[in-house]
Structure formats: structure tokens, C-alpha cells
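Asker: First, the structure itself, so that you have it in front of you.
Only the coordinates and a few stated rules stand behind these numbers; no lab work does. Computed from a prediction, not measured in an experiment: that's the story for all the values here. Here the Cβ positions follow ideal geometry from the backbone for every residue, glycine too, while neighbour counts run over all protein chains shown.
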Amino acid sequence: MKQLVRAALRQLGLQVTRVPSSVSDLEAEFVQTGRIPWSPGYKQAKERFIGQVLGEPRLLQLFSRQSRLPRHFGVGFDERCVEYPWLVAHLQSRHENLLDAGSALNHAFILEQPVFEKKKLHILTLAPESNCFWQKGISYLFHDLRSVPIRDEYFDAIVCLSTLEHVGCDNTAYTRQAVYREHRSDDFILALQELSRILKPEGTLFLTVPFGVYRHFGSFQQFDQKLLSRAIDAFGKTDAVATFYRYSDTGWDVANIEDCTNAEYVEWVAKVWSDGQWPEPLPEEPDGAAAARCVACVKLTKTR
């Protein structure tokens, strides 16, 4: 079974010399049944893949330099497999107050990365989650990104991965409060203004959003070039550096913004995020896409 997993990782653009003995039956099933996105074992296989990437300095260097990724990188995996390496490749390994706006980091396989060892991490999200790592000294705050109860210029850095697109949309899947069944698609601007307010001058916001053709799916919206420009402007005075990653049948790779403007989110998956109903059997996209086909990764450094 390890041979199968090793071969699968190589096909996904990652050279692996040793597969851990903890490979689960679910991961093995995922490989044996053709690595269908969202099928049993998908989550475990994706997390193992991301963990392997985060442990490979050679690959992280490609993300830090905005360089081309290996062919077949992350085939069949969603955008998390580029968002996390992009973030880790750009975070500074130093003592600082770090805010996770949206709880994207609230996973053991992410928090075990050395780059977080010196951070005082605060996680801000709408409602409690099953994962909780208070024993690591992590603080949790359950609140709305449009009105953050934190003083001005407190954080050295802020992470907001695939969260901004949900602001002002129907978020009742994450909280039972009916008040969050909204259609206020411009409220991402309020969230960015708040994140700018609580970030120190010369601090950095690491922001990612699904990108391509504008779509509003109810529980989130996919950003296009116009919406992304509005988001950057809303943050205020900033040095902005944007990197785009595009998915195709050969995997994820760095791309120009022009290559991403026609990218479509996998529609049936977007519907699942809204109504929670998984189709049976699971549809398979011709290119093997799992969710977004393009993601914008933006470093916003607050200027004085």
C-alpha cells in the first residue's frame, strides 16, 4: 500500500523517499479508487500532500520566488495545496502577534510547522469549531470580521486565507444564527478596513481569494479583477504584491492574471458549500478540479 501512495505523490509533483507508516486505510482507498476529489480519504491524502510540501525547502523556494511548480503539482486537490505553501514561504520566522482571520490555520498539520513556533497566534472566526489547540497557547475569539473587538495596530501580521469571499454572504453553515443569512456582497470592504485598522504599520496581511469569472454562490463569491482591485484599495495605503495560481489537468502552477480571468469554480462543489448536500455518486470534472480553478494570493504590506 505504501508503494501506491508513494507513486501517487510522485504523480502529484512531489518526490518522496519515505512514506510514513501511519498511512490510513482511507488514504489507501482514495489512491486505489482513482483519487476522486472529495471521495473517502481525500481530506487525509490532501493534508499529507500539503505536509510533505511544507517540509520541502526546495518547493517552498518556488513559492517564495513566484516560480513555476513541478508538472502535476496537486492534481485533483483544491486550492489549499497552493495557499498554505505560499503563506509559509512568505511568513517571517520571528516572534510576533499573528491573527488568523477566518481560522484557516486551525489544523494540527499546519500548526506543527516550525514557522509558527515563535508566533503568538490568535484565531478569529464566527463560531467555535471542533478543533481547539488552547494547549499550544492559541487564543480564540468568536466575532465578525466587519467589527473586530481589538485595539488599533495590535498585530504584526494577519492571515486571511479563503475567508474574505464569505463576508456578507450566507454563513449559516458556520453558525446557527439566522442573522448571518445575508446578501451584502460589498461588506468585504468593511472587513478589509478592520484588518487594516488592527495591523501595525509595516505589518503584512496575507490574503487569498478564489479568482476568475465573478460568481455569487450564496455562501461566497468568486472574485474577479474588478473586485480584487476594490479589495486592495479598501485596505488603504499599502504595497501590494499579487501572485496567481491556476489549476489545469496538469495540476497547479503560477499564472498571469490574464490567464485566470475566465477561471470557473466547480459549480457542484459551490452548491455543496451552500446547501450541505453531497451528490451521490460524486461528479468528476474533466480536468480533475476540486473547487477553485484559480486563486489570488496577495501580500498587502501596510504603509505609513
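Asker: Residue 141 to residue 112: FRET efficiency via 1/(1 + (r/R0)^6), r the Cβ-Cβ distance, R0 30 Å, to the nearest 0.05? List each step's numbers first, then the result.
Answerer: Details: r = 22 Å, r/R0 = 0.74.
Once the sixth-power term is evaluated, E becomes 0.85.
Asker: Taking the Cβ of residue 277 as the center, what net charge do the other residues with Cβ under 15 Å away carry, scoring Lys and Arg +1 and Asp and Glu -1?
Answerer: Numbers: positive: 271; negative: 170, 267, 275, 280.
Once positives and negatives cancel, what remains is -3.
Asker: From the Cα gyration tensor of segment 31-124, with a ≥ b ≥ c the square roots of its eigenvalues, which class applies: rounded if a/c is under 1.5, or else prolate if a/b is larger than b/c, or else oblate?
Answerer: Numbers: a/c = 2.39, a/b = 1.45, b/c = 1.65.
In terms of gyration-tensor shape, oblate.
Asker: Something else now. Take every DSSP beta bridge with both residues inside segment 2-302 and express the antiparallel ones as a percent of the total, to the nearest 5.
Answerer: Bridges in segment 2-302 that DSSP calls antiparallel: roughly 55 percent.
Asker: Let me ask you something else. Taking the Cα centre of segment 2-302 as origin, work out the dipole magnitude from +1 charges on Lys and Arg Cβ and -1 charges on Asp and Glu Cβ, in debye rounded to 20. Walk me through the numbers before you get to the answer.
Answerer: Details: 34 positive and 38 negative charges, 184 e Å.
Here the size comes out at about 880 debye.
Asker: Sorted from fewest to most neighbouring beta carbons within 10 Å, what does the list 109, 116, 63 look like?
Answerer: On the way: 109 14, 116 18, 63 23.
Ascending number of Cβ neighbours within 10 Å: 109, 116, 63.
Asker: Which residues make up the longest stretch of the chain clear of GluC sites (Glu not before Pro) that lie in a DSSP loop with no more than 16 other Cβ atoms within 10 Å, not counting the sites?
Answerer: Details: sites that count: 112, 117, 129, 153, 182, 264, 284.
The reported range is 1-111.
Asker: Around residue 301, what is the net charge, scoring Lys/Arg as +1 and Asp/Glu as -1 over all other residues with Cβ under 13 Å from its Cβ? Write down the numbers at each step before the final one.
Answerer: On the way: positive: 200, 237, 299, 302, 304; negative: 156, 202, 239.
Taking every Cβ under 13 Å from that of residue 301, the sum is +2.
Asker: Given a 10 angstrom Cα cut-off, can you work out which residue in 150, 110, 36 is the most mobile in a GNM of the chain?
Answerer: Evaluated over the chain, the most mobile residue of the options is 150.
Asker: Let me ask another. Can you put 124, 60 in order, fewest other beta carbons within 10 Å first? Before the final figure, lay out the partial values.
Answerer: Details: 124 24, 60 18.
Ascending number of Cβ neighbours within 10 Å: 60, 124.
Asker: If Lys and Arg each add +1 and Asp and Glu each add -1, what is the summed charge of the other residues whose beta carbon sits under 15 Å from the beta carbon of residue 119? Could you put the intermediate results ahead of the total?
Answerer: On the way: positive: 94, 118, 120, 136, 200; negative: 96, 100, 112, 117, 156.
Net of charged neighbours comes to 0.
Asker: If you don't mind, there's one more thing I want to ask. Could you please state, rounded to a whole Å, how far the C-alpha centre of segment 125-157 is from the C-alpha centre of segment 236-304?
Answerer: 25 Å
Asker: Now for a different question. Pop a pseudo-label 7 angstrom from the Cα along the beta-carbon direction at both residue 248 and residue 150 and give the gap in nm to one decimal.
Answerer: 3.9 nm
Asker: Please report, in debye to the nearest 20, how large the charge dipole of segment 55-160 is about its Cα centre when each Lys and Arg carries +1 at its beta carbon and each Asp and Glu carries -1 there. Write down the numbers at each step before the final one.
Answerer: Details: 12 positive and 13 negative charges, 75 e Å.
Around 360 debye, computed over segment 55-160.
Asker: Using r as the Cβ-Cβ distance of residue 133 and residue 61, and R0 as 22 Å, what FRET efficiency do you calculate, to the nearest 0.05?
Answerer: Numbers: r = 28 Å, r/R0 = 1.29.
For R0 = 22 Å, the calculated efficiency reads 0.20.
Asker: Nearest 500 deg cm²/dmol is fine: what mean residue ellipticity at 222 nm does the chain get from its DSSP H runs of n ≥ 4 alone, each adding -39,500 (n - 2.57), divided by its residue count? Intermediate results must be reported in sequence, preceding the final value.
Answerer: Working: 10 runs with 89 residues, N = 304.
Value at 222 nm, helices only, nearest 500: -8000 deg cm²/dmol.
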